[in-house]
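The numbers here are math on the coordinates, done by the rules we state, and not lab data. Please read all numbers here as calculations on a predicted model, not as lab measurements. Cβ placement follows ideal geometry from the backbone for every residue including glycine, while neighbour counts extend to all protein chains displayed.
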Amino acid sequence: MDNNFVDCVIQLPENLFFGTSIATCILVMAKNKTENKTLFIDAIQEFKKETNNNILEHNNINNIINTFHNREDKDYFARYVDNSEIAENDYILSVSTYVEKEDTREVIDINVLNKEIEETTTKIDTLRASINEIVKELSHE
């Protein structure tokens, strides 16, 4: 890494190559780099599911190549990292160390949730009271 030969690390999706279910990486090396930076591309979502394997379609490949040529940061996809930051991270070249994963979890409004719980609890209490009245009427007959 200190020789500045690693130009780019591209994380590919799993099940891309026959007989290999694990995700793979491509290391692009260059002896003539002028920038003291390394590009990290997280392309694990760039695939089409086809039978048991994933495939890279032309648009997936073009997206990766365009990002490589432009060397620009893209949220959740690519980051052009200064080599000093890589050194600070003990020269770890894992794409996930530098490219943030998109948080796809559902955002829940706690106030709306509390209101729904309160309404449900009120309905349960009303139903319980109705059931108790019916049981009371049936037990007096």
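Annotations
- Helix axis angle, 58-70 relative to the chain longest principal axis, alpha carbon, degrees: 60
- Sorted by Cβ neighbour density within 10 Å, fewest at the top, the residues Arg128, Arg79: Arg128, Arg79
- Distance between the modelled labels on Thr97 and Asn36, one decimal in nanometres: 1.8 nm (7 Å Cα→Cβ projection).
- Candidates per chymotrypsin sites (Phe, Trp or Tyr not before Pro) in region 47-141, loop by DSSP, up to 15 other Cβ within 10 Å: Tyr76, Tyr91
- Acute angle (nearest 10 degrees) that the helix 110-139 long axis makes with the longest principal axis of the chain, alpha-carbon atoms: 30
- Computed extension length for Ser130-Glu85: 9.6 nm, one decimal, from 0.36 nm per residue of separation with the Cα-Cα distance subtracted.
- Computed P(r) (all Cα pairs; region 6-98; 5 Å bins; percent): 3, 13, 24, 23, 18, 11, 6, 2, 0
- Over the chain: helical MRE at 222 nm, DSSP H runs n ≥ 4 each giving -39500 (n - 2.57), nearest 500: -12000 deg cm²/dmol
- Two-site FRET efficiency, Asp73 against Lys115, from Cβ-Cβ distance with R₀ of 35 Å, rounded to 0.05: 0.30
- Both numbers refer to the Cα atoms of region 45-129; Rg and Dmax are 23.1, 69 Å.
- Length-normalised contact order of region 6-98 in % [C-alpha pairs under 8 Å, at least 6 apart]: 30
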